[in-house]
């Protein structure tokens, strides 16, 4: 085994050995596990001091004669995929939602600078098309969400970590702001007025929304629907605490980012968002919350400032030649959407705070 003294040395105590030793690490895992790679399918990054650090690698291949997924963990964490899947399944009461099977895993070792998990490969479609879900897919998502919130997640297995307070939300925006400034893609007037307005609205609304335990990256690619009608949830490192209904706002954010059409109008974008919201309002659990519209409006506002500062301001794709092709129009649409959502918060529900 390769010994890497630097593996866990940075300000958070998390190593990024994949940045330097990716080829050696992968060869070592293949030799020890017998996994055979077909292709790399994804890379996950952390942002540390404004720089991208390689957090994990995901490969498609074969293990024990069947198709499987290898995930190489390159950043130290108290949890790992296998443990999180076990925690999820131990409390899961749903007969239609499950996690992928784990074939083999190695927990993080400081002296190695990595861990890995080999999973079942789920050959099934995402729960909705991206970026444009069909009407039936939206209805299906509503059914899935009700089951997920009432039967698949019956009790948290992590304690609240303080990442859902107003202060923590503002700190996230500050970090996006700093990263956007460092990238220098945006002009000051492109983002400063929106940041100031968001701060004001966050102080009014964030504390009034309770926190809940949820899948924090509930994207279409992390919900697969099998031919038998059952669902498989992926990305089990993403369980944690967020503001209530944040998982719904993330579905809108994730799919909306995939709209890359410089002729797409703001009216079309607003109709797009409203289609998602209408689908959410059909969920029985949502219908019980009389403040749902207000909460979701704020959460979508948080996603919008995140797109302006985080995705457009410093995201990897938007610095590529293809991303630059859509950058200005995407920014214009998000600025319009931000103002629309902020106007609603400042107008429709203003009396509740006076």
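Worth pointing out:
- Set side by side, the residues 343, 289 differ, and just one is more than 19 Å from the chain's Cα centre (by Cα) and outside any helix (DSSP H, G or I), which is 289.
- Test result for residue 238, surrounded by 15 or more Cβ atoms within 10 Å (Cβ to Cβ), modelled with pLDDT under 95 and either within 27 Å of residue 325 (Cβ to Cβ) or not assigned by TED's automatic domain parsing to the domain that holds residue 172 (or both): no
- Of all residues in region 156-198, those satisfying the criterion of being under 19 Å from residue 210 (Cβ atoms) and assigned to a helix (DSSP H, G or I) are 166, 167, 168, 169, 170, 172.
- Subset of region 81-93 that is surrounded by 17 or more Cβ atoms within 10 Å (Cβ to Cβ) and in contact with a helix residue (DSSP H, G or I) (Cβ under 8 Å, 6 or more places away or on another chain) - its residue that is nearest to residue 18 (Cα to Cα): 81
- Condition check for residue 275: in contact with a helix residue (DSSP H, G or I) (Cβ under 6 Å, 6 or more places away or on another chain), surrounded by fewer than 18 Cβ atoms within 10 Å (Cβ to Cβ) and not in a strand (DSSP E or B): no
- One residue stands out in region 60-80 among those that are assigned to a strand (DSSP E or B) and surrounded by 18 or more Cβ atoms within 10 Å (Cβ to Cβ): the one that is modelled with the lowest pLDDT, namely 73.
- Check on residue 87, under 30 Å from residue 34 (Cβ atoms), assigned by TED's automatic domain parsing to the domain that holds residue 71 and modelled with pLDDT under 95: no
- Number of positions in region 305-321 that are touching a residue at least 60 places away in the same chain (Cβ under 8 Å) and surrounded by 23 or more Cβ atoms within 10 Å (Cβ to Cβ): 6
- Top-ranked residue of region 104-122 - restricted to ones that are at pLDDT 95 or above and farther than 17 Å from residue 57 by Cβ, ranked as surrounded by the fewest Cβ atoms within 10 Å (Cβ to Cβ): 120
- Residues within region 203-228 that are touching a helix residue (DSSP H, G or I) at 6+ places or on another chain (Cβ under 6 Å) and not in a strand (DSSP E or B), tallied: 9
- Selection count, region 33-54, where residues are part of a strand (DSSP E or B), modelled with pLDDT of 85 or more and either within 15 Å of the chain's Cα centre (by Cα) or over 16 Å from residue 77 (Cβ atoms) (or both): 8
The values are calculated or read from the model by the stated rules, or taken from the named source; none is laboratory data. Given the structure is predicted, the values throughout are model-derived calculations rather than measurements. Virtual Cβ from ideal backbone geometry, glycine too; neighbours counted across all protein chains shown.
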